[in-house]
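Here is the structure we will look at.
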2 protein chains.
Amino acid sequence: MKQVPVGVSARHIHLSAEHIGLLFGAGYELKVMKDLSQPGQYAAEETVVVVGPKGRFDKVRILGPARPKSQLEVSRTDAFALGLKPPVRESGNIDGTPGIRVIGPAGEVELEEGVIVAARHIHFHTDDAAKWGIADKQLLTVRVEGERPLIFEQVVARVSEQFALDMHIDTDEANAAGVKTGDTATILSE
Amino acid sequence: MKQVPVGVSARHIHLSAEHIGLLFGAGYELKVMKDLSQPGQYAAEETVVVVGPKGRFDKVRILGPARPKSQLEVSRTDAFALGLKPPVRESGNIDGTPGIRVIGPAGEVELEEGVIVAARHIHFHTDDAAKWGIADKQLLTVRVEGERPLIFEQVVARVSEQFALDMHIDTDEANAAGVKTGDTATILSE
């Protein structure tokens, strides 16, 4: 049985170093609130406001460290509330995605692009992937046994020595299955 | 191929005749805004306010006609917003479910129970069920091919001469799959 822990991602934002400066002040350093499952990644103490054409969220958690490009990850439900139609994309692939206004305590930034619904994926450490014969970018079929069991198709495998084994789904997907962070998913085929 | 149209249910409420009277005035008759896929069922012009311990929704659509018991159907996302933990249930099976306050233009009602997350299900006309060899209450596995394809397990079959062929899922399930009303689902096994 190829079993993987589930991590449910609520809406969050990654910011570039430039944007952290514009939103929080030049040279500002994010404070670590909690380490995440992926080594080196953390939830920051800081939050920002995001404002879409139809709605806004007042406390969107920043995940650190800084990235080359700012990126807001929302569920489809969140996207409707904001009034945006972001595509389902892998993290970092933001060409042609909608933008959004981001407000911090020291200023604001109008992102020209960067809003996505994150494609569900599994992080594999290289050793896990080798053991199970799974390649980077491979599409997997994965069963999640929550209150309302379902099978996710086209789950992207992401393999790196930097990764820890974890399946990332968003809140819509978690709610549809009735699962929460720490529950277990089973890879059915590769 | 056993193909079924998908209908996405947003949050809505069914009211008893007694509660319609308390909320809208004695003898009040709901006005039909739009007929639904199931014969005789309709979305009413009227909406109510529902108030949970943590949040409220100001415009919850009433579906008519009146039923023996009032019942509020929400997604898991909605339930978090209201501050309730309703179980996943089949429609009408509300014993021991949370209650909620309902406010109309002429008065309000404190439901003692009736809040559920509706279990996904497929309505079959008796003829469709006979043709495909499907029995009432049978649990089906159903593939939905949206932006993010997935397979729902334990989809309840409901068979009646009063029903029209239609698969009902809630907004979390629709968003997790990236499907909308009018898309097509395929029954994989019975």
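The values are calculated or read from the model by the stated rules, or taken from the named source; none is laboratory data. Because the structure is predicted, anything quoted here is derived from the model rather than measured. Virtual Cβ from ideal backbone geometry, glycine too; neighbours counted across all protein chains shown. Surface areas here come from the heavy atoms of the whole protein model, side chains and all, with no ligands, DNA or RNA. Shrake-Rupley method; radii C 1.70, N 1.55, O 1.52, S 1.80 Å.
Quick notes
- The range B:31-46, subset touching a Leu at 6+ places or on another chain (Cβ under 8 Å) and in a loop (DSSP other than H, G, I, E, B), residue surrounded by the fewest Cβ atoms within 10 Å (Cβ to Cβ): B:Gln41
- Counted residues, the range B:79-117 - those being within 25 Å of B:Ile187 (Cα to Cα), touching a helix residue (DSSP H, G or I) at 6+ places or on another chain (Cβ under 9 Å) and open to solvent by 10 Å² or more (accessible area, probe 1.4 Å): 1
- Failed item, numbered, when A:Gln3 is tested on (1) in a loop (DSSP other than H, G, I, E, B); (2) at negative phi: (1)
- Qualifying residue in the range A:118-125 (condition: over 16 Å from the mean Cα position of the chain (by Cα), open to solvent by 40 Å² or more (accessible area, probe 1.4 Å), away from every other protein chain (no Cβ under 13 Å) and without any contact (Cβ under 8 Å) to a residue 60 or more places away in the chain): yes
- Residues located in the range A:19-48, provided they are among the β-branched types (Val, Ile, Thr) and free of Cβ contacts under 8 Å to residues at least 24 places away in the same chain: A:Thr47
- Here B:Asp58 clears all of (1) buried (at least 16 other Cβ atoms within 10 Å of the Cβ); (2) under 20 Å from B:Val109 (Cβ atoms) except the condition numbered (1).
- Flag if B:Glu173 is assigned by TED's automatic domain parsing to the domain that holds B:Phe24 and within 18 Å of A:Gly146 (Cβ to Cβ): no
- Hits in the range A:138-157 (condition: within 20 Å of A:Ser37 (Cα to Cα) and either more than 14 Å from every other protein chain (Cβ to nearest Cβ) or open to solvent by less than 10 Å² (accessible area, probe 1.4 Å) (or both)): A:Val142, A:Val144, A:Val155, A:Ala157
- Of all residues making up the range A:130-164, the number that are among the aromatic types (Phe, Trp, Tyr) and over 21 Å from B:Arg120 (Cα atoms): 2
- As a summary of the residue check, A:Gly55 satisfies the conditions (1) more than 20 Å from A:Ile169 (Cα to Cα); (2) within 14 Å of chain B (Cβ to nearest Cβ); (3) under 15 Å from the mean Cα position of the chain (by Cα) except for the one numbered (3).
- Unmet requirement for A:Asp58, which otherwise passes all of (1) over 20 Å from A:Phe163 (Cα atoms); (2) touching a residue at least 12 places away in the same chain (Cβ under 8 Å); (3) not aromatic (Phe, Trp, Tyr): (2)
- Which listed residue, of A:Glu113, A:Glu145, is among the acidic types (Asp, Glu) and assigned by TED's automatic domain parsing to the domain that holds A:Lys85: A:Glu113
- When residues of the range A:166-189 are limited to those that are in contact (Cβ under 8 Å) with a residue 60 or more places away in the chain and surrounded by fewer than 17 Cβ atoms within 10 Å (Cβ to Cβ), the one nearest to the other protein chains (Cβ to nearest Cβ): A:Lys180
- Condition check for B:Tyr42: under 14 Å from the mean Cα position of the chain (by Cα) and of a type in the set (Phe, Trp, Tyr): yes
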